[in-house]
Amino acid sequence: MGFRILFLCLIGAVAWIGLAHGHPEDEFCTLDGGMDPALCQALQDMDRAGDPTERGAGFTQTETIDFDRPALETLGLYIKIGVQHILPGGLDHILFVLAIFFSTRRWRPLLIQVSAFTIAHTITLGMVAAGVFAPPASIVEPLIAATIAFVAVENLLFKDMTRWRPAVVFAFGLIHGMGFAGFFGSLGLPQGQFWSALFGFNIGVEIGQLSVIALAALLLWPVRRLISEGAYRHVIIWPSCAVIGAIGAFWTFERIFLG
């Protein structure tokens, strides 16, 4: 009973955060704020155009952005940005990954879903970032929220991963990749380093997502060893997926009608 009360409190906290901060944007533009310094410089210049006395607040007149930085440095920077986009910046993606995690207690079905999701969002991230097509955020963001609700509700209806779940996760991964690409495209990329930035960002996203799964597994491992499969489903999976599904449904409504 104590496990259940504690876990419900944690889920309640996630729900409150989720309702208030669906997919927060970066509020500050600083050298270490998780965005490419090239974009930060451009925004600073736009805000301070015609008023050189203001430059002391951030960049100084002698500071410049190195557009010719080494490719490995760009790779490392965008790995960091990709991780930060998931942890803590992408609660909607975190909830989707958790919904995948709660769909099964077995590692093989979980790895199948994670692999399908990774392959799919990598495809659309690359295609959208390269300019092959450009879906509007007004369509992508509600669809991302709807994928969260769908997977969470399916977890409530089925005890284990369904036969069609890998295909569903793959399709949903294509949608999430469009969301990743929308953020990636807003970072302000240095010329000639697109691919190192893209690879780094995707690696960072994967690190963030796998960290979510690893942390969830670590936190719930003692509970899984102490209670039966049926009790685990009632105490952990049902409350968690009910909250995740409710948040996804709310975000879908909010992004369609209030966004």
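No lab work stands behind these numbers, since they all come straight from the coordinates. Here the structure is a predicted model, which means the values were calculated and not measured. Neighbour counts run over all protein chains shown; Cβ positions are idealised from the backbone, glycine included.
Structure summary
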quantity: Gyration tensor verdict on the stretch 126-171 (Cα atoms; rounded if a/c is under 1.5, prolate if a/b is larger than b/c, oblate otherwise); calculated: oblate
quantity: Ascending count of other beta-carbon atoms within 10 Å, so fewest first, for Arg69, Arg225; calculated: Arg225, Arg69
quantity: Segment Ala171-Leu156, extension gain: residue separation times 0.36 nm, minus the distance between their alpha carbons; calculated: 3.4 nm
quantity: Global form of the stretch 145-259, assessed from the alpha-carbon gyration tensor, a/c cut-off 1.5; calculated: prolate
quantity: Gained length - Ile207 relative to His234, 0.36 nm times residue gap less alpha-carbon distance; calculated: 6.7 nm
quantity: Against the rule of thumb 2.2 N^0.38 Å, how large the Cα Rg of the stretch 164-219 comes out; calculated: 1.38
quantity: Relative packing of 148-154, 82-88, 127-133, which averages over residues the other C-beta atoms within 10 Å, highest first; calculated: 148-154, 82-88, 127-133
quantity: Ile123/Arg163 FRET efficiency (R0 25 Å; Cβ-Cβ; nearest 0.05); calculated: 0.65
quantity: Packing-based order for 162-169, 196-203, 93-100, using average beta carbon neighbours within 10 Å, highest first; calculated: 93-100, 196-203, 162-169
quantity: Length-normalised contact order of the stretch 146-259 in % [C-alpha pairs under 8 Å, at least 6 apart]; calculated: 69
quantity: Anisotropy class of the stretch 104-198 from Cα gyration tensor, a/c 1.5 cut; calculated: prolate
